[in-house]
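Have a look at the structure below before the remarks.
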Amino acid sequence: MPTKTRMSGNEAVAHAIKQINPDVMPAFPITPSTEIPQFVASMIANGEIDTEFIPVESEHSAMSAAIGASAAGARAVTATSSCGMALMWEVLYVAASSRLPIVMALVNRGLTGPLNINAEHSDSMGARDSGWIQIYAENNQEVYDNFLQAHRIAEHKDVHLPVMICQDGFITSHAVENITLWDDEPVRKFVGEYRPEHYLLKEDESMAVGPYALSPYCMEAKKAQAEAMKRARKVILDVASEFEKLTGRRYGFFEEYRLEDAEYAVVAIGSVCGTAKDAVDALREKGVKAGLLKIRVFRPFPAEEIGAALKHCRGIAIMDRAESYSAQGGPLGAEVTAALYRAQAVSKTVNIVYGLSGRDVRVEDMENVYESLEKLANGETEFPEYFYLGLRE
């Protein structure tokens, strides 16, 4: 039976790890993800789980140890943020190219510099092409639910790719919200036991992990990895469907909030979507046909589905909590714009960079975004295709 309680996003991840009881967790502390390994280490010390916790000297070592454990046949998890993930940059690619189903809790925080410890997507967006599946959460419930689904996705025979479960630093990681938890036994049955077909410690099989790849082989390996990312699309939806049968909570590539008849839409990722929903509701009461497309799965990128969901809108604001320094906006803006082009949409679009380094975004700010979209679509105003929201002049 489900249990209703209150906990932070970091506690939610730790509780999910407790229920899954992975074999190995190497980790190195970094704000705002530090609580996750702290909670898990306490659970191990108290005899609640028998996960092997490996304290390491850096995040590079944490991911390296996770790679070693996973290659040996163990179910491995870790957690990090920001500069910690940047330090493991090299081995992120090793984990993905080695086709190891590691699951990482990434608590999003801005990369230095200037030095800042607050929410931003520059860490995960910087690693968007590393070969990891990326799934984002709006709130603490979604953090918990996403983590429970992650191993099923990563370990599927058609995928075998690592997964990072992302949440906004402090906004969800430390804020306490109402949450519904499922009982341990149904969760463990849903997640299942990890029984890899190939691994280094298998007695009757010889194999190598991470060997040097010569030119005649390397390109084919990368293509195989890319095909696995394509196959992950179906697996993500299949796992979500099974999760819905267990919990009643529904997930997909994205959530459409009052989008079916919307003329003006915001596309966003993460905690700002809750603020956007409040703005949509307020504007709907005034007769404005506002809507939201909240992206949950960023890798693999569901371009075709996004284009189909948005092509009827007259005005679209694509919101990035990261700056790509392309002089064109953020990474989400680039990919959604490409999706709209392929869908032959004629919508007027604008890319908005917001919330960098934890800058607050209020409901009033989001209402202004929708009102600006209405004016833009009606030809009443012009503004840059790319600008910052809430910038101090």
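At a glance:
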| item | result |
| --- | --- |
| Pair list, Cβ under 8 Å, 6 or more apart: the stretch 13-31 residue within 17 Å of MET63 (Cβ to Cβ), other residue of a type in the set (D, E, K, R) and outside any strand (DSSP E or B) | PRO22/ARG75; ASP23/ARG75; VAL24/ARG75; PHE28/GLU57; PHE28/GLU59; ILE30/GLU59 |
| Hey, ALA72 surrounded by fewer than 24 Cβ atoms within 10 Å (Cβ to Cβ), over 24 Å from the mean Cα position of the chain (by Cα), assigned by TED's automatic domain parsing to the domain that holds VAL191 and in contact (Cβ under 8 Å) with a residue 60 or more places away in the chain or not | yes |
| Filter result for the condition that a residue is in contact (Cβ under 8 Å) with a residue 60 or more places away in the chain, in a helix (DSSP H, G or I) and not aromatic (Phe, Trp, Tyr), over ILE36, ILE44 | ILE36 |
| Qualifying residue in the stretch 267-276 (condition: modelled with pLDDT of 95 or more, under 30 Å from GLU371 (Cα atoms) and over 22 Å from the mean Cα position of the chain (by Cα)) | no |
| Test: residue in the stretch 81-91 that is closer than 15 Å to ILE165 by Cα and of a type in the set (A, V, I, L, M, F, W, C) | yes |
| The stretch 128-163, residues that are within 20 Å of TYR199 (Cβ to Cβ) and among the small types (Gly, Ala, Ser) | GLY131, ALA150, ALA154 |
| Unique match (being at pLDDT 95 or above, hydroxyl-bearing (Ser, Thr, Tyr), farther than 19 Å from VAL143 by Cα and surrounded by fewer than 18 Cβ atoms within 10 Å (Cβ to Cβ)) among SER64, SER42 | SER42 |
| Condition check for ALA95: touching a strand residue (DSSP E or B) at 6+ places or on another chain (Cβ under 7 Å), at negative phi and touching a residue at least 12 places away in the same chain (Cβ under 8 Å) | no |
| Test for GLU120: is it over 24 Å from ALA228 (Cα atoms), in contact with a Ser or Thr (Cβ under 8 Å, 6 or more places away or on another chain) and crowded, with 22+ Cβ neighbours inside 10 Å | yes |
| Residue in the stretch 241-248 that is touching a Lys or Arg at 6+ places or on another chain (Cβ under 7 Å), acidic (Asp, Glu) and exposed (fewer than 11 other Cβ atoms within 10 Å of the Cβ) present | no |
| Unmet criterion (only one of (1) within 27 Å of ASN108 (Cβ to Cβ); (2) assigned by TED's automatic domain parsing to the domain that holds ILE153) for GLY307 | (2) |
| When residues of the stretch 254-292 are limited to those that are in contact (Cβ under 8 Å) with a residue 40 or more places away in the chain, of a type in the set (A, V, I, L, M, F, W, C) and in a strand (DSSP E or B), the one farthest from PRO331 (Cα to Cα) | ALA290 |
| Subset of the stretch 126-147 (residues that are touching a Lys or Arg at 6+ places or on another chain (Cβ under 8 Å) and within 25 Å of GLU90 (Cβ to Cβ)) | ARG128, TRP132, ILE133, GLN134, ILE135, TYR136 |
| Residue in the stretch 75-106 that is farthest from the chain's Cα centre (by Cα), counting only those that are surrounded by fewer than 20 Cβ atoms within 10 Å (Cβ to Cβ) and under 18 Å from PRO32 (Cα atoms) | LEU87 |
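The values are calculated or read from the model by the stated rules, or taken from the named source; none is laboratory data. Small disclaimer: the values here were computed from a predicted structure and weren't measured. Backbone-built Cβ (ideal geometry, glycine too); neighbour counts: all protein chains shown.
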